[in-house]
Amino acid sequence: MWCSRKNTTGSAVTVAEMAACIALLIMRKSPKAKEEASSKPGAKKKPATPNFLDTVYAIVRKIPRGRATSYGAIAESAGIRLSARMVGWAMNAAGRTSPPVPAHRVVNSKGLLTGKHHFATPTLMQELLENEGIRVENDQIVDFSKIFWDPAEKNKKSKKKDRKDKL
């Protein structure tokens, strides 16, 4: 992998390689990942902890049709608050995932279609959003504050419900 050694060939690094490297670096820092990697072969294995890409893709798959969210909101919901750029790299690699990830529903914090150049055509992201009833003008979602879906909102509601149940 390019991030574990010098790139001596001078070839360009692909988006998938960059996303894989970022995910690998996050997993290297995770105590659970270190523990699982150091376990003996044949020993009982703990259930695999989802990696960064799996976590991001799971959040993006929950975005309702006709809604959109931001890279930063996904990063915060995934527990990596200051890593919105890494969510962007994950969205760049999302085209090869199964089940599919609706990456067109992820925009910057102002509603700008900053990832549109990573789709098959420069207008595809806008077309996909418009097919879901979202108005886009000048590469920006109209009334983004009304369209915005907060991935952390579900967690906040469930925590409030748990508190009420305990009282």
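The values are calculated or read from the model by the stated rules, or taken from the named source; none is laboratory data. Keep in mind that this is a model prediction, so the values were computed, not measured. Virtual Cβ from ideal backbone geometry, glycine too; neighbours counted across all protein chains shown.
More than 20 Å from PHE148 (Cβ to Cβ) and either at pLDDT 85 or above or more than 11 Å from the chain's Cα centre (by Cα) (or both) - does that describe any residue in the range 61-77? Don't jump to the end; show me each part of the working.
Residues of the range 61-77 more than 20 Å from PHE148 (Cβ to Cβ): none.
For the range 61-77, residues more than 20 Å from PHE148 (Cβ to Cβ) and either at pLDDT 85 or above or more than 11 Å from the chain's Cα centre (by Cα) (or both): absent.
State whether the residues of the range 84-97 include one that is within 17 Å of PRO64 (Cβ to Cβ), more than 12 Å from the chain's Cα centre (by Cα) and surrounded by fewer than 12 Cβ atoms within 10 Å (Cβ to Cβ). Within the range 84-97 (the criterion being within 17 Å of PRO64 (Cβ to Cβ), more than 12 Å from the chain's Cα centre (by Cα) and surrounded by fewer than 12 Cβ atoms within 10 Å (Cβ to Cβ)), the answer is no, since none of the residues qualifies.
Name every residue in the range 122-138 that is closer than 18 Å to TRP89 by Cα and modelled with pLDDT of 95 or more, in order of residue number.
Initial filter on the range 122-138 (closer than 18 Å to TRP89 by Cα): 122, 125.
Within the range 122-138, just MET125 meets the criteria.
Residue by residue, here is whether (1) of a type in the set (Asp, Glu); (2) closer than 19 Å to TRP149 by Cα; (3) in a loop (DSSP other than H, G, I, E, B) holds:
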{"site": "MET86", "(1), (2), (3)": "no, no, no"}
{"site": "TRP89", "(1), (2), (3)": "no, no, no"}
{"site": "THR114", "(1), (2), (3)": "no, yes, yes"}
{"site": "THR121", "(1), (2), (3)": "no, no, yes"}
